[in-house]
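Comments concern the structure below.
The values are calculated or read from the model by the stated rules, or taken from the named source; none is laboratory data. Everything numeric here is computed off the predicted structure, so don't read it as measured data. Reconstructed Cβ throughout: ideal geometry from the backbone, glycine too, with neighbour counts over all protein chains shown. Accessible surface is based on the protein model in full, side chains and every heavy atom, while ligands, DNA and RNA are left aside. Shrake-Rupley method; radii C 1.70, N 1.55, O 1.52, S 1.80 Å.
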Amino acid sequence: MSAKFRSMICVFSTLVLTTSTNVFAQKIDLKTEPKAIVEHYKFVGNHREESMWSALYGAKSGKIYIGLCTHAEAAHLYEFDPATETMRHIVDLTTLHNERGEGINTNGKIHVRMGEDNDGNIYFAGLNEDTGPECIDPSSYKGAFWYRYNPKFDKVEVLGKISKHFGLLGMVMDPKYMRLYGLAEDGHLYMHDIEQKYTRDLGRVDDWDICRTIFADDRGNVYGSFPVAQIWKYDPVKDEVVDLPNIRLEYDVRVLPRTMSKPMIDRKVIWRVIEWDPVDSVAYGIVGGNSMLFKYDTHIGDEGEIEYITPLTAPQYWDESNPRMIPFATLTLTISKDHIIYYAPTAFGSFDYIGNSWDVKDEEKFQAKMAGGHFPPVSYLVSYNLQNQERKSHGLMYTGDGNIVFGLGGACTGAKDGKIYFVGAIEEKEEKDVVGKVGRRWPFSMGLIAYDPHNK
């Protein structure tokens, strides 16, 4: 049997399983579910941002830095000071690059986890993805760039161009060699040497679907995940990228693909989010398909060793009786100062803000048919204690004034206050502040929220 024919059978089997099985979401009563109450902070100005992915960072100063995205407009960087509860707008990337009003494709996304050097400078990178009307010539784009924000002088500096066409979906700063590494839309790994002030294309490491987070271990090696369930590694000493031949991520074949166009190389078979833990000297990550928490020890053997811990799904999926309805993993993983992992999964469906899927003609109707109805994409707060191995649900997240927390796009821990911060879509009851409707049903605005684990 040819590989092509086997692939066709697999796709057909997935489609039959998806459309013919009578699967219903495990319904929850929003009124009776336990609640995790969070503090809520709105963004200042009227920039109308409507999404955020990964770009949330807790600096050593205690301040929180946030990158927000706006399709067909601009990316914005914000600073939040927990000590004074003050939100401040720092920069509009289209203004920084003189792109505004020029009729060109613009830098509309900050899609990466940020980094920080010993002087407190904050590093990040940009992205164009979907930014600008389709009628605009894509070659008008000035390119994607690396940035450094200097809090002392309150200045954003452009460090250099990453690529003429392709910005970053994932980034990590390596403090050992003082380098920025970025995984771009074209599947290439880019490196910027901060001290030497140059950028290199290290070659293709991915194809489809591009991994959203990468990490660097304490030896300066950089790792990413790519379909199907594989891991690549960049060794700065040898200056080479290798696909690790023997180690593989495990994934639950019963979990439906996030998209139907390429089900065998879907994001469910790679890690969704991963973070290096300097305490244990290992990485902790979440598998895309079933939100399985795992530990990756890169020091064991030539390729490292993976230990699977427990799924960090919404609690209604903990009995594993309905794995096909587990929502796709989010980017909301952080490790607290108490060495507890916090994570914010959605209860229903694969969350997006207002984006459309091109893989299913009408994704909302498709998901509703599978789930047995339309359900708001509410977020749970779950945790895993690395000391006593306790998995815990803290409840559905609500703001203090009773607004539902919908899907979230990133998480971090406050370096001084120890609070757990998230950014994402918050239910919006003021019509003038609505930036969109999740699933074209539930009005929202973007917000920063904070959970205090010591004030339960």
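Structure notes:
- Among residues of the stretch 314-337 being in contact (Cβ under 8 Å) with a residue 12 or more places away in the chain and either on the phi > 0 side of the Ramachandran plot or among the charged types (D, E, K, R) (or both), the one that is least open to solvent (accessible area, probe 1.4 Å) is ARG324.
- Restricting attention to the stretch 72-95, the residues that are open to solvent by 10 Å² or more (accessible area, probe 1.4 Å) and part of a strand (DSSP E or B) add up to 9.
- Any hit, the stretch 111-124, residues being in contact with a Lys or Arg (Cβ under 9 Å, 6 or more places away or on another chain), modelled with pLDDT under 90 and closer than 24 Å to ILE210 by Cα: no
- Residue check for PHE153: at pLDDT 95 or above, hydrophobic (A, V, I, L, M, F, W, C), open to solvent by 10 Å² or more (accessible area, probe 1.4 Å) and out of contact with any strand residue (DSSP E or B) (no Cβ under 8 Å at 6 or more places or on another chain): yes
- Conditions (1) free of Cβ contacts under 8 Å to residues at least 24 places away in the same chain; (2) surrounded by 14 or more Cβ atoms within 10 Å (Cβ to Cβ); number of the one not met by ALA216: (1)
- Residue in the stretch 138-146 that is among the hydroxyl-bearing types (Ser, Thr, Tyr) and within 28 Å of THR413 (Cα to Cα) present: no
- Subset of the stretch 297-313 that is more than 18 Å from the chain's Cα centre (by Cα) and of a type in the set (Val, Ile, Thr) - its residue that is surrounded by the most Cβ atoms within 10 Å (Cβ to Cβ): THR298
- The set of residues in the stretch 96-105 being open to solvent by 60 Å² or more (accessible area, probe 1.4 Å) and either assigned to a strand (DSSP E or B) or touching a Ser or Thr at 6+ places or on another chain (Cβ under 7 Å) (or both) consists of ARG100 alone.
- Elements of type strands (runs of 3 or more DSSP E) contained in the stretch 408-456, each with 1 or more residues being over 18 Å from the mean Cα position of the chain (by Cα) and modelled with pLDDT under 95: 436-438, 442-451
- Considering residues of the stretch 423-444 that are of a type outside the set (Phe, Trp, Tyr) and open to solvent by less than 10 Å² (accessible area, probe 1.4 Å) only, the residue farthest from LYS35 (Cα to Cα): VAL438
- Number of residues in the stretch 160-181 that are open to solvent by less than 40 Å² (accessible area, probe 1.4 Å) and assigned to a strand (DSSP E or B): the value is 13.
- Among the residues of the stretch 106-148, just one is buried (at least 20 other Cβ atoms within 10 Å of the Cβ), hydroxyl-bearing (Ser, Thr, Tyr) and more than 23 Å from GLU50 (Cβ to Cβ), namely TYR123.
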